[in-house]
Each structure stands twice: as C-alpha cells, then as structure tokens.
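Every number in this text was worked out from the coordinates using simple rules, so none of it is lab data. None of these values were measured; they are calculated from a predicted model. Because the Cβ atoms are built from the backbone with ideal geometry, glycine has one as well, and the counts that use them run over all protein chains shown.
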C-alpha cells in the first residue's frame, strides 16, 4: 500500500501558509500545520482541508521555543511517523511587543528557528522529500540593495536563515532531499505591505507599476507547484511577482 504523503507547513493558519496548505491538500497531501495564537482560524483551515478529503493536524507552536518544536515533532511522529515536505513559511521580526522583549527576536525566528525545525524534521523526511524556504525579494537580496529601515532586521535575519539552509545542501543531498527557495514581492492583502507603507509611503503603488502584485493564494499555489516539481534542482530559487532585477534599479 502506497504511503500517504504528508506536508508540514509552519504558520499555516492564515495568509500564504493557509493557501499553501489548501493547495497541497488539493494535490493529495495530508497536512500538519502550526499556528501561534489563532486557534479559531487554524480550525477553519483544518476544516477546509478535511472537506477536500484529506486529513489535518493543527498544533499551536512557538517555533522560537525548542520545547514547542520537540512537542511538534513528537505529535507528528505519533500521527504519521514521516514527512515528505517541509514548508518553512512562518517568520517574524516586525512585532513590536516581541522585539521589545527580545531585541534579537528577528534572528531567533528567521534563522535559529528555521535551522532547529529542519534538524528536527530530517529524521522524518523521506528520501525524495523537499524543504521549501519562503522569503521575500528584500530578504533574498539583502546586501545587494537598499533596505527599508522598518524591514531591515527581518531582511537581514531571513537572508541569514536562507544562507544557513543553503550551506546544508550537501547534507540534504546525502539523505535524498532537495532545498527550494521561494521569494515573493509585496503580497497583496497581507499585513506586511501595510506595515512597510507607514515608513515608506507610496511603496505599494511603486511596486504595482511593475505589474500586478501577487496574492497569498498565488504564493500558496506556486509554493505547492514548486514542491511537486521533480525537475527543480536543489538550491533553485523560484521568483513570484516582479523580477529580482527590478529591486536593483
């Protein structure tokens, strides 16, 4: 009997994460996803997954806490015992209360937590599995372009997270795993563009002059398609929205 594919998506209760879970469910995956504090919203996403005939496991998890990560993988081990796909979607660094409590919060969530999640997932990931790191154009191009002050700690830390994972590719290859990086422009209808607009008025319209901004649904579907594409080599970067060179002009 063929093993049912299982995907873990971090931050799956809303936005890009929620759309990714639904897209993967459409492709036959059972879904595990984490959320931080939106239990009702997480349950709505889980219900939508089950309505597609797939099974869902939702877990409240602060990915900056090793105890939460340990509990997460204990639950996955008991529920299915394997993973075929890990989508590293959850990130942060613009939450004023969390940054005030921990000035290094952005690095802890965008680099350290991503590495901890991958290391915890490796024993469960089947050969042929995929790890997807979701980032932004600003973070992917950190050090090559002028940054928005409000977003710079996020960009710096997400870039650091991406580089740590890219450095692990030889280890992934030994296990038969691939790493893919998906980078998106401003995402229409999400909170980040609104926060950035406060410090950089006109940013959203400026990005729109380069084309229609992608939505969370667009991102989720492209992430799922990339994860399911066996022709993409490990280390490939998938660009959503305006091309990367538009950020450098």
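Descriptive notes on the structure:
- Candidates 192, 34, 58, ranked by Gaussian network fluctuation over the chain, Cα under 10 Å, top entry: 192
- Packing order of peptides 4-13, 78-87, highest average first: 4-13, 78-87 (average count of other Cβ atoms within 10 Å over each peptide's residues).
- Kirkwood Rh, Cα atoms: Rg over Rh of segment 142-194: 1.08
- Modelled label positions at residue 248 and residue 231, each set 7 Å beyond Cα in the direction of Cβ, lie 2.6 nm from each other.
- Solution diffusion estimate, µm²/s, Stokes-Einstein, segment 82-142, Kirkwood Rh from C-alpha pairs, 10 °C, viscosity 1.306 mPa s: 123
- Multiplying the residue separation of residue 50 and residue 145 by 0.36 nm and subtracting their alpha-carbon distance yields 29.9 nm.
- Once you reduce segment 218-232 and segment 36-81 to the center of their Cα atoms, the two points are 21 Å from each other.
- Its Cα gyration tensor gives segment 28-135 an equivalent ellipsoid; the semi-axes, largest first and in whole Å, are 24, 18, 12.
- Segment residue 208-residue 175, extension gain: residue separation times 0.36 nm, minus the distance between their alpha carbons: 7.7 nm
- Spin-label model distance (nm) - residue 97 vs residue 198, 7 Å beyond Cα toward Cβ: 1.4
- In summary, the convex hull built on the alpha carbon positions of segment 6-239 has an orientation-averaged projected area of 12.2 nm².
- Highest mean packing comes first when the peptides 63-76, 16-29, 217-230 are listed by Cβ atoms within 10 Å, giving 16-29, 217-230, 63-76.
- Angle in degrees between helix 152-167 and the longest Cα principal axis of the chain, rounded to the nearest 10: 40
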